[in-house]
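Taking it in order: structure first as structure tokens, then the write-up.
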Amino acid sequence: MIDRVLLSESAISSRLDELAREIDARYAGGEILAVGILKGSVFFLTDLLKRLRSPVALDFLQVRTYSGTSSTGNFQVVRDLSTDIEGKDVLLFEDVVDTGLTLRRLLELLASRRPRSLRIAALLKKDLPENRDIPVDFLGFTIGPEFVVGYGLDLDERYRNLPYVAIWDPTK
Ligand code: 5GP
């Protein structure tokens, strides 16, 4: 049911090189608290962090908003951070911004804990009117509305370990 490769391994790798340079320049040597949103962001996060020169601390949280290929509209923190983020420079890592619900709710929650700064790195953002207000500071690629898998992105836990991003087509 993989329709076609949308982003090859080499396209992702080159874009991560550029993003790492942008991030290093923005933080100018200050420590970044990287926060991965489990599980989809893990491949993006580790590949990107390996490219950074800035000092990095790492934490994760897990939320539930999605089931199968359609958003449930629900938001629940399933696993919270183990770090106090007050006064820290937090960089949130998201795999794909779809409706924007996850990030909208997470930004609200994390901002209430008073980090010094709170920014977003996303591998993908779908070009949709409903997510236009989500301020992605470091974006890998803008894509269409299709459902994608690979490079961390799953369909009911399958396909995460594909080294590329592909369009999933149920009719194939
Ligand atoms: P949002 O809250 O922005 O609607 O959705 C964010 C989450 O939904 C993502 O972190 C991801 O887990 C899931 N999601 C949204 N679009 C896709 C997609 O095209 N493919 C996959 N595999 N997951 C998606």
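So here's what we get for this one:
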read-out	value
Residues of the range 148-165 classified as near the ligand (Cβ under 8 Å from one of its atoms) and either modelled with pLDDT of 95 or more or buried (at least 18 other Cβ atoms within 10 Å of the Cβ) (or both), total	5
Test for Arg79: is it away from the ligand (no atom under 16 Å from the Cβ) and either in contact (Cβ under 8 Å) with a residue 12 or more places away in the chain or among the hydrophobic types (A, V, I, L, M, F, W, C) (or both)	no
Any hit, the range 91-101, residues being within 13 Å of the ligand (Cβ to nearest atom), open to solvent by 70 Å² or more (accessible area, probe 1.4 Å) and not polar (S, T, N, Q)	no
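Okay, residues lined up against (1) among the acidic types (Asp, Glu); (2) buried (at least 16 other Cβ atoms within 10 Å of the Cβ); (3) assigned to a helix (DSSP H, G or I):
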site	(1), (2), (3)
Asp17	yes, no, yes
Ile23	no, yes, yes
Gly40	no, yes, no
Asp47	yes, yes, yes
Leu52	no, yes, no
Gln62	no, no, no
Asn74	no, no, no
Val78	no, no, no
Leu107	no, yes, yes
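The values are calculated or read from the model by the stated rules, or taken from the named source; none is laboratory data. No experiment lies behind these values; they were computed from the predicted model shown. Because the Cβ atoms are built from the backbone with ideal geometry, glycine has one as well, and the counts that use them run over all protein chains shown. Each accessible area value is taken on the protein alone, full model and side chains, heavy atoms only, with ligands, DNA and RNA left out. Shrake-Rupley method; radii C 1.70, N 1.55, O 1.52, S 1.80 Å.
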